[in-house]
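Structure record follows, encoded as structure tokens.
The values are calculated or read from the model by the stated rules, or taken from the named source; none is laboratory data. Everything numeric here is computed off the predicted structure, so don't read it as measured data. We place every Cβ from the backbone using ideal geometry, glycine too, and count neighbours over all the protein chains shown. Please note that ligands, DNA and RNA were not included when accessible areas were found on the heavy atoms of the full protein model with its side chains. Shrake-Rupley method; radii C 1.70, N 1.55, O 1.52, S 1.80 Å.
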Amino acid sequence: ESPDLLENLFLSPFGMDICCRKGSRSPLQELYNPTQVSLSNTAILHQIRRDQVTDTCRANSVSNRKRRVLTPNDLKHLVVDEDHEMIYCYVPKVACTNWKRVMMVLTGRGKYSDPMEIPANEAHVSSNLKTLNQYSIPEINHRLKNYMKFLFVREPFERLVSAYRNKFTQKYNTSFHKRYGTKIVRRQRKNATQEALRKGDDVKFEEFVAYLIDPHTQREEPFNEHWQTVYSLCHPCHIHYDLIGKYETLEEDSNYILQLAGVGNYLKFPTYAKSTRTTDEMTTEFFQNISSEHQTQLYEVYKLDFLMFNYSVPSYLKLE
């Protein structure tokens, strides 16, 4: 199989071979030709979000020319639900545990009924969900053309602070401390103690930022998925997403998707108040100690995510 696949990613939202499942409409049909009035107002909001992505991709097409084609390896984050003809690209730190739980309910054929009964670690076991890279190239193309594709995004710096807090300030994340923490300390901290070099469990946010903008980091290996850009994880300039959900409107957007899938009556997106959630105020605080030079460089790294998903430059930034 030739690795350069995905011929039809720039097609209009419909490949013309959308067909109807056993007398019911697919989520894609319901989205673009809503039968319910309540769904049509929301459809307009999502059209605006789609247009924003398209416009940003066009305006920045220089950066896309380098790589026209995706390979199956680029599709590891796209979770497939065959029964409801949906594809979900998961972005860590944007409610992805709960969305994976919901996808397990949707694809489990009755094995699960309540998403919250699925333990979080179970949701991240890769064999529990099928991803698009596991299909043949014709099957991939067919699904990209006919299934409803969606993802969820979040204000990029809030997501970054959330990832930092989760991976570097929690004592239990020793694998992250070993794999990334030790490297960050070695590279960014002058006169680091032997213990810090060995454990890597006390990385400061400033050191984390310095690591992210270090050209050496970019050359060495791709970012870890917890701080990788949405642009690189989900390839929104190559794959036409039908729905872009936002963390800020998580419940409405999620339940709208479940409604389009025809399961809204018996499946609701889990809601729970997390007191530890990273907020805008918290993010502001974390950025207080970052120099304006580093802020500017970091903004450049995440700029496409800001533009594409319509997040304005944070007011706390002191850009150069």
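Observations on the model:
- Looking only at the range 256-300, residues that are under 30 Å from Glu82 (Cβ atoms) and not charged (D, E, K, R) come to 16 in all.
Rundown of residues vs (1) surrounded by fewer than 13 Cβ atoms within 10 Å (Cβ to Cβ); (2) in contact with a Phe, Trp or Tyr (Cβ under 8 Å, 6 or more places away or on another chain); (3) of a type in the set (S, T, N, Q); (4) modelled with pLDDT of 90 or more, yes/no style:
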{"site": "Asp17", "(1), (2), (3), (4)": "yes, no, no, no"}
{"site": "Lys22", "(1), (2), (3), (4)": "yes, no, no, no"}
{"site": "Arg58", "(1), (2), (3), (4)": "yes, no, no, yes"}
{"site": "Asn64", "(1), (2), (3), (4)": "no, no, yes, no"}
{"site": "Lys76", "(1), (2), (3), (4)": "no, no, no, yes"}
{"site": "Asp81", "(1), (2), (3), (4)": "no, yes, no, yes"}
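- Residue in the range 83-106 that is over 21 Å from Tyr241 (Cβ atoms), open to solvent by less than 50 Å² (accessible area, probe 1.4 Å), outside any loop (DSSP other than H, G, I, E, B) and not basic (Lys, Arg) present: yes
- Scan of the range 264-291 for residues that are of a type in the set (Phe, Trp, Tyr) and touching a helix residue (DSSP H, G or I) at 6+ places or on another chain (Cβ under 7 Å), ordered by number: Phe269, Phe286, Phe287
- One residue stands out in the range 301-320 among those that are without any contact (Cβ under 8 Å) to a residue 40 or more places away in the chain and within 19 Å of the chain's Cα centre (by Cα): the one that is least open to solvent (accessible area, probe 1.4 Å), namely Lys303.
- Thr283 closer than 21 Å to Leu250 by Cα, part of a loop (DSSP other than H, G, I, E, B) and open to solvent by less than 80 Å² (accessible area, probe 1.4 Å): no
- Residues that are within 25 Å of Cys237 (Cα to Cα), of a type in the set (Phe, Trp, Tyr) and not in a helix (DSSP H, G or I) do occur in the range 149-162, at least one of them.
- Meets criteria (modelled with pLDDT under 90, open to solvent by less than 80 Å² (accessible area, probe 1.4 Å) and assigned to a helix (DSSP H, G or I)) for Leu39: yes
- Subset of the range 151-188 (residues that are of a type in the set (Val, Ile, Thr) and free of Cβ contacts under 8 Å to residues at least 40 places away in the same chain): Thr169, Thr174, Thr182, Ile184, Val185
- Filter result (assigned to a loop (DSSP other than H, G, I, E, B) and within 20 Å of Val53 (Cβ to Cβ)) within the range 286-320: Phe309, Asn310, Tyr311, Ser312, Val313
- The criterion of at least 1 residues that are open to solvent by 50 Å² or more (accessible area, probe 1.4 Å), touching a Phe, Trp or Tyr at 6+ places or on another chain (Cβ under 7 Å) and farther than 30 Å from His142 by Cα is met, among helices (runs of 4 or more DSSP H) falling completely within the range 165-240, by 182-188.
- The range 120-150, residues that are free of Cβ contacts under 8 Å to residues at least 40 places away in the same chain, small (Gly, Ala, Ser) and either open to solvent by 30 Å² or more (accessible area, probe 1.4 Å) or farther than 22 Å from Thr97 by Cβ (or both): Ala120, Ser126, Ser127
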